Amino acid sequence: MVKHVPLHVCPPASDGGRPVTLGGVALGVAYSTADVVRFLREAGIDDSLIALDDRSLIEWQGGGPEVWD
């Protein structure tokens, strides 16, 4: 299996958005888990491998996928 750099989802900002980076490059701001999945897809991760609790894919900072405010 190919090793991927984890997507970093930063703590929520005051508007509930969570900045997202990959390898130190800003990808945008996620406002929901759907946005996080979109960023993973754009990074080339196959849908069958995407799991929001997979720490090798996503590093959640300031709370997990249930924290948006």
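Things to note:
- Selection status of Val2, at pLDDT below 95, among the aliphatic types (A, V, I, L, M) and not in a strand (DSSP E or B): yes
- Search result, residues across region 52-67 that are touching a residue at least 24 places away in the same chain (Cβ under 8 Å) and within 12 Å of Val36 (Cα to Cα): Leu57, Ile58, Glu59, Trp60, Pro65
- Enumeration of residues in region 18-27 that are loosely packed, with under 13 Cβ neighbours inside 10 Å and not hydrophobic (A, V, I, L, M, F, W, C): Gly23, Gly24
- Selection of region 52-69 for residues being within 15 Å of Thr21 (Cα to Cα), among the charged types (D, E, K, R) and at pLDDT below 95 yields only Arg55.
- Selection count, region 17-51, where residues are outside any strand (DSSP E or B), modelled with pLDDT of 90 or more, of a type in the set (A, V, I, L, M) and under 11 Å from the mean Cα position of the chain (by Cα): 6
- Residue in region 30-37 that is among the polar types (S, T, N, Q) and in contact with a Cys (Cβ under 6 Å, 6 or more places away or on another chain) present: no
- Matching residues, region 28-58, being open to solvent by less than 70 Å² (accessible area, probe 1.4 Å) and in contact with a strand residue (DSSP E or B) (Cβ under 8 Å, 6 or more places away or on another chain): Gly28, Val29, Ala30, Asp35, Val36, Phe39, Leu40, Ala43, Leu52, Leu57, Ile58
The values are calculated or read from the model by the stated rules, or taken from the named source; none is laboratory data. For clarity, every value in this text was computed on a predicted model and none was experimentally measured. Note: ideal-geometry Cβ built from the backbone for every residue, glycine included; neighbour counts use all protein chains shown. Accessible surface areas use protein heavy atoms only, side chains included; no ligands, DNA or RNA. Shrake-Rupley method; radii C 1.70, N 1.55, O 1.52, S 1.80 Å.
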